[in-house]
Amino acid sequence: MADPSVPELLATAVAALGGSERDGQVRMAEAVARAFEVGEHLAVQAGTGTGKSLAYLVPAIARAVTDDHPVVVSTATIALQRQLVDRDLPRLADALADVLPRRPTFALLKGRRNYLCLNKIHSGSADDSDEAPQEELFEPLAASALGRDVQRLTAWAQDTDSGDRDDLKPGVPERSWSQVSVSARECVGAARCQFGTDCFAERARAVAAEADVVVTNHALLAIDAISETNVLPEHELLVVDEAHELVDRVTSVATGELTAAALSVAVRRITRLVSPELVQRLDAASLTFGSAIHDGTPGRMDHLDDELATYLAALRDAAGAVRSAIDTAPSDPKAAAARKEAVAALSEIADTAARILTSFEPVISERSDVVWLSHEDNRGSVRAVLRVAPLSVAGLLRDRLFARATTVLTSATLTVGGTFDAMAGAWGLTGGSESGDAHWRGLDVGSPFAHAKAGILYVAAHLPAPGRDGTGTDAQLDEIAELVTAAGGRTLGLFSSMRAARAAAEAMRERLDTPVLCQGDDTTGALVEQFAADAATSLFGTLSLWQGVDVPGPSLSLVLIDRIPFPRPDDPLLTARQRAVSTRGGNGFMAVAANHAALLLAQGAGRLLRSVDDRGVVAVLDSRMATARYAGYLRASLPPFWATTDTAKVRLALKRLRDG
């Protein structure tokens with residue numbers, strides 16, 4: 001008997017899971033199977049409700065089991081990782097076990113920092129905080145919150161099978177977790193570690209190495225692409241879900257930074273490892289550099305002045321000298337972990353300083369870096385951070401991701417302005433000057449939702465354009481109150497800043513009889529639960545709510561967007577990217593700012609319809625969405641809702657929904 005086709009496997013899986021096939025799901029599954037077969041990269045836009053997870057998992061499983069080669073699936077959020085590993089993949093394995101040559105296997109793999117390090121725990125270095133004086137941690141250990149957390153984590157290490165931070169309930173702050181974990185750079189290596197055979201991270205990697213489907217995250221995918229060693233199992237097929245997040249996540253991994261606090265930690269780490277003269281040299285270079293960036297002017301740097309260049313060179317050379325001294329010193333097994341952590345910190349300092357020093361080349365290309373200084377609030381004090389990030393990650397993705405594996409990129413929102421062009425350029429699928437464009441195609445499989453019948457796009461064209469201070473005008477607040485009243489609560493308010501969200505929430509609490517929650521009142525998860533549980537409740541917030549809320553049913557019938565979410569004009573990286581496009585003769589505003597806004601608008605509008613029975617309104621309270629020359633481009637990025645600027649019609653529609 002011939003092996004079942006992908007559509008047959010999908011039908012078997014859907015039937016076993018108690019669902020029903022959708023045309024878009026079948027089209028996507030067939031396209032993924034074809035992409036894997038012919039080695040063609042594929043970008044698939046699959047609207048909410050399509051069932052895209054099954055549409056890529058079924059062909060991925062079929063190919064992995066048939067060829068005995070793994071397929072890697074990368075996601076942006078923990079929630080989707082958990083959905084895949086805890087729900088979708090186990091059920092698929094059961095559903096397809098009898099129709100495939102063997103039962104498919106799967107594994108979840110995260111970065112090393114997500115697992116307990118037994119060597120760090122048992123060597124005693126977990127007792128020594130990078131941020132607190134040692135006297136707080138000894139006699140007795142549990143004298144501080146940090147100490148109590150470390151004590152609890154040490155005990156948990158004896159009971160857990162996974163050592164995975166996400167399995168710890170309740171969790172602990174990052175400061176506490178860092179005392180019992182190491183990065184890949186800090187790890188002494190399984191061969192040299194006395195706990196190598198019991199290492200949680202190594203166990204996870206061993207399981208992943210034998211799995212058919214390996215689920216990971218965009219950050220680890222980026223590390224695997226950037227580093228010279230393989231972090232993920234060798235693979236030729238890759239699925240990137242939540243692909244609209246890929247560029248930002250890879251950029252974050254490829255960003256280096258220098259702070260006075262990190263330098264101080266490095267100095268403390270080397271105190272017992274090298275001569276006092278070398279310690280003093282690094283300490284002096286660190287203090288001088290820290291003072292310089294504290295007194296510097298925040299913003300993007302177009303050139304590096306001689307004084308800061310001198311301090312960076314001194315820091316680079318001092319860190320390099322100490323690193324060399326540690327590397328050439330006689331080996332001491334008891335100090336192996338401390339030496340490795342120190343070398344990792346020194347390498348980060350030296351490499352970042354060197355990278356900044358070479359970032360100011362006269363010719364701008366996609367391989368260029370952007371440098372900027374930030375002054376951030378840190379519990380009432382100023383935290384100065386000097387950062388360096390790639391102007392573009394397109395070349396990195398082209399050479400280190402797409403050249404290695406046939407890749408399927410999917411999300412509910414990938415078309416910007418009605419095409420895949422913007423995302424393809426940002427990923428590096430187009431624009432390759434050396435080897436030409438990658439072989440790829442885009443496919444929009446649509447959505448099971450009848451957007452024009454289920455949703456209204458309302459643009460408040462009569463309102464004045466938003467001001468620059470970020471808060472709403474009196475007219476806008478009046479509009480919000482009238483719309484929320486008509487909806488009877490049931491409102492998700494998406495704002496361009498926390499300042500605007502809080503101001504609107506405070507104003508609505510005074511004007512409305514229905515409850516209004518605001519991001520920051522509690523954890524985001526708890527707030528979303530409260531919002532979903534009470535239809536009369538409204539929830540206001542900012543960026544994470546634009547992409548992270550899934551509330552089907554009557555609790556959400558109005559999505560408010562206060563203004564077009566253009567990037568901040570002082571965002572150093574995006575403004576540098578915009579200027580680079582303009583320098584090459586392109587339209588920097590449309591290529592960067594408008595694309596950024598269009599993608600976020602699509603994500604925000606996507607909060608409205610989460611099931612086929614949902615109905616409601618997306619209200620954009622920014623008149624530029626109706627009047628500006630780029631308005632059509634932005635609207636083309638949104639689902640095809642029925643559009644209007646008539647306030648009375650919208651209020652009437654909301655009242656009908658409210659009254660059932």
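The values are calculated or read from the model by the stated rules, or taken from the named source; none is laboratory data. Being a predicted model, the structure only gives us computed values, none of them experimental. Don't worry about glycine lacking a Cβ; one is built from the backbone with ideal geometry, like all the others, and counts go over all protein chains shown. Note: areas computed on protein heavy atoms with side chains; ligands, DNA, RNA excluded. Shrake-Rupley method; radii C 1.70, N 1.55, O 1.52, S 1.80 Å.
Data table
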{"read-out": "Lone qualifier among Thr271, Thr255 - being touching a strand residue (DSSP E or B) at 6+ places or on another chain (Cβ under 6 Å), of a type in the set (S, T, N, Q) and over 30 Å from Val38 (Cβ atoms)", "value": "Thr255"}
{"read-out": "Some residue of the range 24-31 being β-branched (Val, Ile, Thr), in contact with a helix residue (DSSP H, G or I) (Cβ under 9 Å, 6 or more places away or on another chain) and surrounded by fewer than 24 Cβ atoms within 10 Å (Cβ to Cβ)", "value": "yes"}
{"read-out": "Cross-chain or 6+ apart pairs with Cβ under 7 Å, the range 430-458 first and farther than 30 Å from Pro554 by Cβ and at pLDDT 95 or above, then aromatic (Phe, Trp, Tyr) and open to solvent by less than 40 Å² (accessible area, probe 1.4 Å)", "value": "Gly442/Phe420"}
{"read-out": "Of residues in the range 159-209 being among the β-branched types (Val, Ile, Thr) and touching a helix residue (DSSP H, G or I) at 6+ places or on another chain (Cβ under 8 Å), the one surrounded by the most Cβ atoms within 10 Å (Cβ to Cβ)", "value": "Val180"}
{"read-out": "Members of the range 304-341 that are buried (at least 16 other Cβ atoms within 10 Å of the Cβ) and of a type in the set (Ser, Thr, Tyr)", "value": "Tyr311"}
{"read-out": "Subset of the range 157-172 [touching a residue at least 12 places away in the same chain (Cβ under 8 Å) and assigned to a helix (DSSP H, G or I)]", "value": "Arg165, Asp166"}
{"read-out": "Residues of the range 275-303 satisfying the condition of being part of a helix (DSSP H, G or I) and open to solvent by 40 Å² or more (accessible area, probe 1.4 Å)", "value": "Pro276, Glu277, Gln280, Arg281, Asp283, Ala284, Leu287, Thr288, Ser291, His294, Asp295"}
{"read-out": "Among (1) modelled with pLDDT of 95 or more; (2) open to solvent by 50 Å² or more (accessible area, probe 1.4 Å) - the single one Asp241 does not satisfy", "value": "(2)"}
{"read-out": "Helices (runs of 4 or more DSSP H) within the range 198-259 that include 2 or more residues over 16 Å from the mean Cα position of the chain (by Cα) and of a type in the set (Val, Ile, Thr)", "value": "none"}
{"read-out": "From the options Phe566, Phe589, residue that is part of a loop (DSSP other than H, G, I, E, B) and open to solvent by 30 Å² or more (accessible area, probe 1.4 Å)", "value": "Phe566"}
{"read-out": "Hits in the range 210-237 - residues which are β-branched (Val, Ile, Thr) and open to solvent by 10 Å² or more (accessible area, probe 1.4 Å)", "value": "Ile223, Ile226, Thr229, Val231"}
{"read-out": "Residue check, Arg82 open to solvent by 10 Å² or more (accessible area, probe 1.4 Å), under 27 Å from Glu234 (Cβ atoms), part of a helix (DSSP H, G or I) and at pLDDT 95 or above", "value": "no"}
{"read-out": "Every residue from the range 353-371 that is assigned to a strand (DSSP E or B) and either among the aliphatic types (A, V, I, L, M) or over 28 Å from Ala321 (Cβ atoms) (or both)", "value": "Val370, Val371"}
{"read-out": "Residue check for Val388: touching a residue at least 12 places away in the same chain (Cβ under 8 Å), within 30 Å of Val279 (Cα to Cα), surrounded by 20 or more Cβ atoms within 10 Å (Cβ to Cβ) and under 20 Å from the mean Cα position of the chain (by Cα)", "value": "yes"}
{"read-out": "Tally of residues being without any contact (Cβ under 8 Å) to a residue 40 or more places away in the chain and out of contact with any Pro (no Cβ under 6 Å at 6 or more places or on another chain) across the range 27-59", "value": "5"}
{"read-out": "Some residue of the range 636-653 being aromatic (Phe, Trp, Tyr), closer than 27 Å to Val445 by Cα and within 31 Å of the chain's Cα centre (by Cα)", "value": "yes"}
{"read-out": "Candidates Ala46, Ala13, Ala64, filtered to the one that is in the same structural domain as Arg91 (by the TED database), in contact with a Leu (Cβ under 7 Å, 6 or more places away or on another chain) and open to solvent by less than 10 Å² (accessible area, probe 1.4 Å)", "value": "Ala13"}
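Condition check ((1) part of a helix (DSSP H, G or I); (2) at pLDDT 90 or above) across all residues:
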position: Arg27; (1), (2): yes, yes
position: Val32; (1), (2): yes, yes
position: Val44; (1), (2): no, yes
position: Gly49; (1), (2): no, no
